[in-house]
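Novice: Could you have a look at this structure, given as structure tokens, before my questions?
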Amino acid sequence: TPVSLALPACVWGTFTEGTLDRYQITVAAGERVSFEAIAQRLGKDADPLLTIRDSDGRFVTEKDNDPGLYFDFRFEHTF
């Protein structure tokens, strides 16, 4: 069951290999939201991956590593 978040939001936690965390946000059509994962830059041995799905569970986009951020990422998505 996804955890509902009200924007703006920040989520922190402990990475456990092979686990999946799910979050739900409510956005309007055309709304732009920025996302960032910080792990490697804090010296953590983790490789976060973010997948965005619509309200029906269909794949929208996915973000993994960013050049210069190693295994971390930073990006914006317009819904």
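The values are calculated or read from the model by the stated rules, or taken from the named source; none is laboratory data. Worth saying up front: this structure is predicted, and the values here are computed from it rather than measured. Here Cβ is always computed from backbone atoms with ideal geometry, including for glycine, and neighbour counts include all displayed protein chains. Ligands, DNA and RNA are excluded from the accessible area calculation, which covers all protein heavy atoms including side chains. Shrake-Rupley method; radii C 1.70, N 1.55, O 1.52, S 1.80 Å.
Novice: So how many residues does the stretch 24-79 have that are out of contact with any strand residue (DSSP E or B) (no Cβ under 7 Å at 6 or more places or on another chain), among the basic types (Lys, Arg) and farther than 25 Å from THR14 by Cβ?
Specialist: Number of matching residues: 1.
Novice: Can you name every residue in the stretch 64-79 that is open to solvent by 70 Å² or more (accessible area, probe 1.4 Å) and outside any loop (DSSP other than H, G, I, E, B)?
Specialist: Within the stretch 64-79, TYR70, ARG74, GLU76, THR78 qualify.
Novice: Filter the stretch 23-56 for residues that are over 18 Å from PHE79 (Cα atoms) and either open to solvent by 90 Å² or more (accessible area, probe 1.4 Å) or not in a loop (DSSP other than H, G, I, E, B) (or both) and give the result.
Specialist: At the first step, the residues of the stretch 23-56 found to be over 18 Å from PHE79 (Cα atoms) are 37-49.
The answer is ALA37, GLN40, ARG41, LEU42, LYS44, ASP45, LEU49.
Novice: While we're on this one: Just one of (1) open to solvent by less than 50 Å² (accessible area, probe 1.4 Å); (2) assigned to a strand (DSSP E or B); (3) in contact (Cβ under 8 Å) with a residue 24 or more places away in the chain trips up THR61, so point out which.
Specialist: Answer for THR61: the failing condition is (3).
Novice: Could you go through the stretch 8-15 and let me know if any residue there is open to solvent by less than 90 Å² (accessible area, probe 1.4 Å), part of a loop (DSSP other than H, G, I, E, B) and of a type outside the set (A, V, I, L, M).
Specialist: yes
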